[in-house]
Amino acid sequence: MQRVLILDFGGPYSQLIARRVRECHVFCEIHPANSMSPQAIRDFAPIGIILSGGPDGVFAPNAPRLNDELYSMGIPMLGICYGSQLIVHQLGGTIVPAQEYLPHCRTLTTLDTNHVLFTEHTADAITWMCQGDPIIKLPQGFASTAQTKDCPYAAFCCEEKKLYGVRFHPEVHLTSSGIRMIRQFLYQVCGAEGDWTMEQYAAMITRE
């Protein structure tokens, strides 16, 4: 059975991310962000990894990080909100602390509709985004795939490393067609086959 690993950084939407993945007929499990070693993740054998949002920024005291080895394992990775900032921060991009806290808000976002995550979308979408600490420069090898008026890197990717980031939350209904973005990541990037349903899983657990 194919499965996706969701690494939880303490954000409020981790369970909702898992629900969206399962609605796409892909099994997933949520684990605390630093609870699994790189070898444990290899043994888990996920087809993809999703990094959740979190309550803090990357400059917060004791802000959680990933083991650097995960970025070179070749497993497709999607960072959401804090998860996207962490990818930039750990791989040599530039983030600066925000002058003030900016809460989540609905934002008009221009998508690169040629990019795999945003095909079949309109160029302009509404997304649920926390501006947070702004990304000033992407790591080498990365490219912007979505922008807002105030955020030139609302989404980005490094196709070579199979690393993707979105500053907004595709799992919430306030982001237009967000679940389609998640589905694109699962099926077009991770190679999901849609081989899981809750009914099948319940039947398997009952047999055991």
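Over the Cα atoms of the chain, the radius of gyration divided by the Kirkwood radius equals 0.95; this is the Rg/Rh ratio.
Rounded to the nearest 10 degrees, the angle from helix 14-23 to the longest Cα principal axis of the chain is 60 degrees. The long axis of helix 198-207 is offset from the longest Cα principal axis of the chain by roughly 40 degrees. Extending 7 Å from the Cα toward the beta-carbon at both Leu108 and Asp43 defines two label points whose distance is 5.2 nm. Taken one residue at a time, the phi angles of region 141-153 give Karplus couplings (6.51, -1.76, 1.60, θ = phi - 60°) of x, 9, 9, 6, 10, 7, 9, 10, 4, 10, 9, x, 10 Hz. Gly and Pro are set to x. Positive contributions from Lys and Arg (+1) and negative ones from Asp and Glu (-1), summed over other residues with Cβ under 11 Å from the Cβ of Val189, come out at +1. Here the spin labels are modelled as points 7 Å beyond Cα on the Cα-Cβ line, and at Gln188 and Glu120 they lie 0.9 nm apart. Packing here is the average count of other Cβ atoms within 10 Å per residue, and on that basis the peptides 143-154, 62-73, highest first, run 143-154, 62-73.
Here the contact order of the chain, divided by its residue count and restricted to Cα pairs under 8 Å and six or more residues apart, works out to 22 percent. Set the Cα radius of gyration of region 135-190 against 2.2 N^0.38 Å, with N its number of residues, and you get 1.16. Ranked by the mean number of other Cβ atoms within 10 Å of their residues, highest first, the peptides 177-184, 18-25 fall in the order 177-184, 18-25. For region 4-137, with all protein chains in place and a probe radius of 1.4 Å, 52% of the accessible heavy-atom surface sits on carbon or sulfur.
What does the net charge come to around Thr175 if you take all other residues with beta carbon closer than 14 Å to its beta carbon, with K and R at +1 and D and E at -1? Spelling it out: positives minus negatives among the neighbours equals +3.
The values are calculated or read from the model by the stated rules, or taken from the named source; none is laboratory data. Worth saying up front: this structure is predicted, and the values here are computed from it rather than measured. Methodologically, a virtual Cβ is constructed for each residue, glycine included, from the backbone with ideal geometry; neighbour enumeration extends over all protein chains shown. Calculation scope for accessible area: heavy atoms of the full protein, side chains included, ligands and nucleic acids excluded. Shrake-Rupley method; radii C 1.70, N 1.55, O 1.52, S 1.80 Å.
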